[in-house]
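*Asks:* Dumping the structure here so I can ask a few things about it.
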Amino acid sequence: MTRTAIVTGGSRGIGAAIAKALQAQGCQVAATYAGNDEKAAAFTKETGIKTYKWDVADYEACKAGVAQVEADLGAVDILVNNAGITRDAPFHKMTPQQWHECIDTNLNGVFNMTHNVWGGMRERKFGRIVTISSINGQKGQFAQANYAATKAGDIGFTKALAQEGARAGITVNVVAPGYINTEMMSTIPEKVMNEVILPQIPVGRLGEADEIARAVAFLAADDAGFITGSTISANGGQYMT
């Protein structure tokens, strides 16, 4: 049976790798994005995966977007909450705007998307929800009180919702990446990478987006039905729970 999946923030980075992994697994995939039309168009041209533009922080936009995906591809069976932002600042310098922007996208966005697919999943007695958290939601990080709060919140949300979905055939899980080799990491100075970041990682390297994607694809599969409320820590041994 062909499954329909939505991957938020799915046209770049980890999200793009997830979207391609689900496509390779036989899913019809919709990838959402918030702003970069050029990157989204290039991604669709490369992969054939349809892209849809909306802001996950906007509940009504999520509602309309999910409805459009379902009209185009069919009922949503899999949701990957990948969209996220950072607004880093030491707490004494953090503005209310930086706090709320992070909360609105990283935590409220998970509610907005999940709430708009939950009813259909319950009716059909099947669903797979995977949310991308972060190592920094598990251990905290300097200058990321806002980001860490959202990513820890995503884990708590998952544990609670997994209990509600279990009897309806819906699994709800988290993948918490550590430092992954994405565009964002490429901006870090080589000295900082080699002397500060890599020594913290027992395997001695950054993770790859494809490694995160494989974990998500595993949790999203039909035969992963006995795994729910779990957090897979994909961080090279940097933080063990």
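Bear in mind these aren't lab numbers, they're just calculated from the coordinates by the rules spelled out. Predicted model only: the values in this text are computed from it and were never measured. Neighbour counts are summed over all protein chains in view; Cβ atoms, including those assigned to glycine, are modelled from backbone coordinates with ideal geometry.
*Asks:* Counting each DSSP H run of 4 or more residues in the chain as -39500 (n - 2.57), what helix-only mean residue ellipticity at 222 nm follows after dividing by all residues, to the nearest 500 deg cm²/dmol? Before the final figure, lay out each step's value.
*Replies:* On the way: 8 runs with 104 residues, N = 241.
Theoretical 222 nm ellipticity from helices: -13500 deg cm²/dmol.
*Asks:* Let me check I've understood the local charge: for MET185, count other residues with C-beta under 12 angstrom from its C-beta, Lys and Arg +1, Asp and Glu -1. What total comes out?
*Replies:* Numbers: positive: ARG205; negative: GLU183, GLU190, GLU208.
Charge balance in the 12 Å sphere: -2.
*Asks:* Another question about this same structure. Assign one of three labels to the stretch 90-241, namely rounded, prolate or oblate, based on the Cα gyration tensor with a ≥ b ≥ c the square roots of its eigenvalues; rounded applies when a/c is under 1.5, prolate when it is not and a/b is larger than b/c, and oblate otherwise.
*Replies:* Numbers: a/c = 2.48, a/b = 1.47, b/c = 1.69.
Cα axes put the stretch 90-241 in the oblate bin.
*Asks:* Of PRO199, THR228, GLY84, which is farthest on the positive side of the dipole of the chain, counting Cα position, with +1 on Lys and Arg Cβ, -1 on Asp and Glu Cβ, and the Cα centre as origin?
*Replies:* THR228
*Asks:* So, one more: Give the order of LYS53, LYS20, LYS151 when sorted by the count of other beta carbons within 10 angstrom, beginning with the fewest. Could the numbers behind the result be given before it?
*Replies:* Working: LYS53 14, LYS20 22, LYS151 26.
Least to most surrounded, the residues fall as LYS53, LYS20, LYS151.
*Asks:* Okay, moving on. For LYS45, which lysines qualify as cross-link partners when the Cα separation must be under 28 Å and same-chain residues fewer than eight apart are set aside?
*Replies:* Leaving aside lysines fewer than 8 places away in the same chain, those within reach of LYS45 are LYS20, LYS53, LYS63.
*Asks:* Given a cut-off of under 8 Å on Cα pairs at least six residues apart, what relative contact order in percent is computed for the chain? Present the calculation step by step, with values, prior to reporting the outcome.
*Replies:* Numbers: 468 pairs, mean separation 47.4, N = 241.
This gives 20 percent for the chain.
*Asks:* Another question about this same structure. Using just the C-alpha positions of the stretch 113-202 as equal point scatterers, what log10 of I(q)/I(0) does the Debye formula give at each q in 0.25 1/Å?
*Replies:* Computed log10 I(q)/I(0) values: -1.22.
*Asks:* Going by how many other Cβ atoms sit within 10 Å of their own, how do THR231, THR44 line up, fewest first?
*Replies:* Working: THR231 18, THR44 14.
Listed from fewest to most nearby Cβ atoms, that is THR44, THR231.
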